[in-house]
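In what follows, a single structure is set out as structure tokens and then discussed.
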Amino acid sequence: MAVEAFSSDITLRINGADHSVSLDNRVTLLDALREHLGLTGAKKGCDHGQCGTCTVLLDGRRVNSCLTLAVTATEQEIVTIEGVADLARTNDLHPVQQAFLDHEGFQCGYCTPGQICSAIGALAEADAGWPSHVTEDVAAGVASCAALDAEEVRERMSGNLCRCGAYAGVVEAVLDVAGASPGGDR
């Protein structure tokens with residue numbers, strides 16, 4: 001018995017602009033971005049949600065776009081690496097992008113778009129008080145992103161893999177943007 005495909009005409013709000021597209025309901029957000037809309041900043045790494053290379057922001061929260069169906073992202077604001085600079089309060093790079101440059105938080109750059117989107121999401125989670133696995137008092141959460149230390153940042157960024165090993169620079173970059181103590185644990 002053949003499986004019948006169902007297509008939908010949907011509108012995705014990406015980086016502040018609406019994009020109408022007709023997609024099979026089984027198309028992932030990652031494939032919609034890359035293959036149907038030409039936004040190739042989010043990379044396809046493992047295609048199983050294990051590497052974080054495809055991370056984008058969905059209503060400000062970080063998601064693995066390879067595990068998210070495009071049809072579920074309608075009526076939500078999608079921000080890809082192509083739109084991250086627009087989140088900045090100036091006409092420059094987003095502070096996380098600048099910190100990655102300043103602290104050499106990248107090498108080959110393949111994972112960098114996902115790392116940057118994940119860092120933005122992780123900082124927002126910390127500002128909202130969300131605890132992580134290593135938060136000392138889970139019930140109290142964290143006071144803000146400025147209260148993060150290197151251990152917290154490593155845990156919060158652990159879903160993003162870097163084969164080049166730029167982790168030290170990534171941690172320093174996130175701590176710098178957080179206004180926390182850069183360069184190590186407190």
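The values are calculated or read from the model by the stated rules, or taken from the named source; none is laboratory data. The structure displayed is predicted, hence computed values, not measured ones. Neighbour counts are summed over all protein chains in view; Cβ atoms, including those assigned to glycine, are modelled from backbone coordinates with ideal geometry. To get the accessible areas, we keep the full protein, side chains included, count just its heavy atoms, and leave off ligands, DNA and RNA. Shrake-Rupley method; radii C 1.70, N 1.55, O 1.52, S 1.80 Å.
Restricting to the range 98-120, name every residue that is open to solvent by 30 Å² or more (accessible area, probe 1.4 Å), touching a helix residue (DSSP H, G or I) at 6+ places or on another chain (Cβ under 8 Å) and under 25 Å from LEU29 (Cα atoms).
Once the filter is applied, which keeps residues that are open to solvent by 30 Å² or more (accessible area, probe 1.4 Å), touching a helix residue (DSSP H, G or I) at 6+ places or on another chain (Cβ under 8 Å) and under 25 Å from LEU29 (Cα atoms), the range 98-120 yields only PHE106.
Just one of ASP9, ASP47, ASP31 is loosely packed, with under 15 Cβ neighbours inside 10 Å and without any contact (Cβ under 8 Å) to a residue 60 or more places away in the chain; which is it? Can you show your working first?
Details: ASP47 fails: loosely packed, with under 15 Cβ neighbours inside 10 Å; ASP31 fails: loosely packed, with under 15 Cβ neighbours inside 10 Å.
Of ASP9, ASP47, ASP31, the one residue that is loosely packed, with under 15 Cβ neighbours inside 10 Å and without any contact (Cβ under 8 Å) to a residue 60 or more places away in the chain is ASP9.
Go through the range 50-61 and report how many residues are surrounded by fewer than 16 Cβ atoms within 10 Å (Cβ to Cβ) and either modelled with pLDDT under 95 or hydrophobic (A, V, I, L, M, F, W, C) (or both).
Initial filter on the range 50-61 (surrounded by fewer than 16 Cβ atoms within 10 Å (Cβ to Cβ)): 50, 59-61.
Now restrict to residues that are either modelled with pLDDT under 95 or hydrophobic (A, V, I, L, M, F, W, C) (or both): none.
Final tally of qualifying residues: 0.
Looking for something among the hydroxyl-bearing types (Ser, Thr, Tyr), in a loop (DSSP other than H, G, I, E, B) and at pLDDT below 95 - is there at least one such residue anywhere in the range 66-86?
Scanning the range 66-86 turns up no residue that is among the hydroxyl-bearing types (Ser, Thr, Tyr), in a loop (DSSP other than H, G, I, E, B) and at pLDDT below 95.
Taking ARG163, is it of a type in the set (Lys, Arg) and not in a loop (DSSP other than H, G, I, E, B)? Reasoning before the result, please.
Details: of a type in the set (Lys, Arg): yes; not in a loop (DSSP other than H, G, I, E, B): no.
Taking the combined requirement at face value, the residue does not satisfy it.
So ILE14 passes all but one of these: (1) at pLDDT 95 or above; (2) over 20 Å from VAL171 (Cβ atoms); (3) open to solvent by 40 Å² or more (accessible area, probe 1.4 Å); (4) aliphatic (A, V, I, L, M). Which condition number does it fail?
(3)
Filter the range 62-95 for residues that are more than 16 Å from LEU23 (Cβ to Cβ) and acidic (Asp, Glu); which is least open to solvent (accessible area, probe 1.4 Å)?
GLU77
Quickly run through the range 123-175 and pick out the residues that are aliphatic (A, V, I, L, M), open to solvent by less than 40 Å² (accessible area, probe 1.4 Å) and either out of contact with any helix residue (DSSP H, G or I) (no Cβ under 9 Å at 6 or more places or on another chain) or under 22 Å from GLN50 (Cβ atoms) (or both).
Within the range 123-175, VAL153, MET157, ALA166, VAL170, VAL171, VAL174 meet the criteria.
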